[in-house]
Amino acid sequence: MQLRDHLKTATAESHSRLDNALRNFDPFGHPQRYQTFLSLMLQLHIRCRESLDYVEVEARIPSRDVPLEELISSDLQTLGVSELPAECTRAADSERLSKTPESMWGEAYVMEGSAMGGKMMFRQAELSLPIEYGREYLRQLSIDAGDRWKVFVTALKSTETRSLDNDEVVTAAKNVFEDAYLMFNELKKSVNAQ
C-alpha cells in the first residue's frame with residue numbers, strides 16, 4: 001500500500017472525529033467560537049512548524065510570503081486577543097523536541113490536508129462573521145492549499161519517501177489528530193464556561 005493510502009486509511013477515524021467535533025461546534029457562528037478555532041489552529045501550526053518547514057523543502061512546496069501563524073495572530077487581534085494564549089507558548093516549547101523525518105512527514109500530512117478545507121471555511125466565515133473580524137488565515141488557505149496539496153501528494157509517492165518507515169509516519173499523523181482533538185476540547189471549555 002502506498003504511503004498516502006496508508007495514511008488516509010489509518011487516520012480516517014481520528015480525522016472524522018475531529019472534523020465532526022469542529023463542524024458541530026460551528027466555529028463561525030459566534031466570535032468566541034471563532035477565537036477558539038483560531039487558537040486551536042495557532043497551537044497546531046506552532047506545534048508542527050518544524051515539520052511543515054522541513055517537508056516544504058523536501059517536497060519543493062512553494063513557501064508562503066507570510067507564515068500562517070502570523071496571519072492567525074493577526075486575525076486573533078481583530079477579536080481583541082493581543083497576546084499568545086498560554087497554550088500556544090507551551091506548544092512552542094514542546095515543538096523544540098527533536099523529530100524524525102517520519103514524524104515530520106506525518107505531521108505535515110495532517111496540516112497540509114487540513115488546509116484543504118480552507119476555501120469552504122473562508123466562504124462560511126465570509127457569510128457568518130462580522131466584517132471587522134479578520135479572516136486572512138482562511139483567505140490564504142483558500143488561495144493556495146489545493147496547489148500545495150498536489151505537490152505534497154506527489155512527494156508522498158516519490159522515491160525519496162519510499163525509504164520512510166510508513167508505520168512511524170502514520171503514528172505521527174494519528175498523534176496530531178489526537179492532540180488536536182484534546183486541545184480543541186480544552187479550548188471549548190472556556191467557551192462553555194461563559
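Only residues that are free of Cβ contacts under 8 Å to residues at least 60 places away in the same chain and closer than 23 Å to residue 131 by Cα: list them for the stretch 2-23, please.
Looking only at the stretch 2-23, we keep the residues that are free of Cβ contacts under 8 Å to residues at least 60 places away in the same chain, and these are 5, 8-9, 12-13, 16, 19-20, 23.
Scanning the stretch 2-23 gives a single hit, 23.
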Do we find that residue 94 is under 28 Å from residue 6 (Cα atoms), more than 18 Å from the chain's Cα centre (by Cα) and either at pLDDT below 95 or not in a helix (DSSP H, G or I) (or both) in this structure?
-> no
Do you know which of the residues in the stretch 58-76 that are surrounded by 17 or more Cβ atoms within 10 Å (Cβ to Cβ) and of a type in the set (Val, Ile, Thr) is nearest to residue 30 (Cα to Cα)?
-> 72
Residues of the stretch 114-137 being out of contact with any helix residue (DSSP H, G or I) (no Cβ under 7 Å at 6 or more places or on another chain) and either of a type in the set (D, E, K, R) or under 25 Å from residue 165 (Cβ atoms) (or both), which ones?
-> 114, 123, 126
For the stretch 49-67, does any single residue satisfy the condition of being closer than 14 Å to residue 137 by Cα, among the small types (Gly, Ala, Ser) and under 14 Å from the mean Cα position of the chain (by Cα)?
-> no
Got at least one residue in the stretch 152-166 being within 13 Å of residue 4 (Cα to Cα), among the acidic types (Asp, Glu), in a loop (DSSP other than H, G, I, E, B) and more than 18 Å from the chain's Cα centre (by Cα)?
-> yes
Residues of the stretch 115-137 satisfying the condition of being touching a residue at least 60 places away in the same chain (Cβ under 8 Å), assigned to a helix (DSSP H, G or I) and under 17 Å from residue 45 (Cβ atoms) = 121, 136, 137
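The values are calculated or read from the model by the stated rules, or taken from the named source; none is laboratory data. Fair warning: this is a prediction, and the values are worked out from it, not measured in the lab. So basically every Cβ, Gly included, is an ideal-geometry build from the backbone, and we count neighbours across all protein chains shown.
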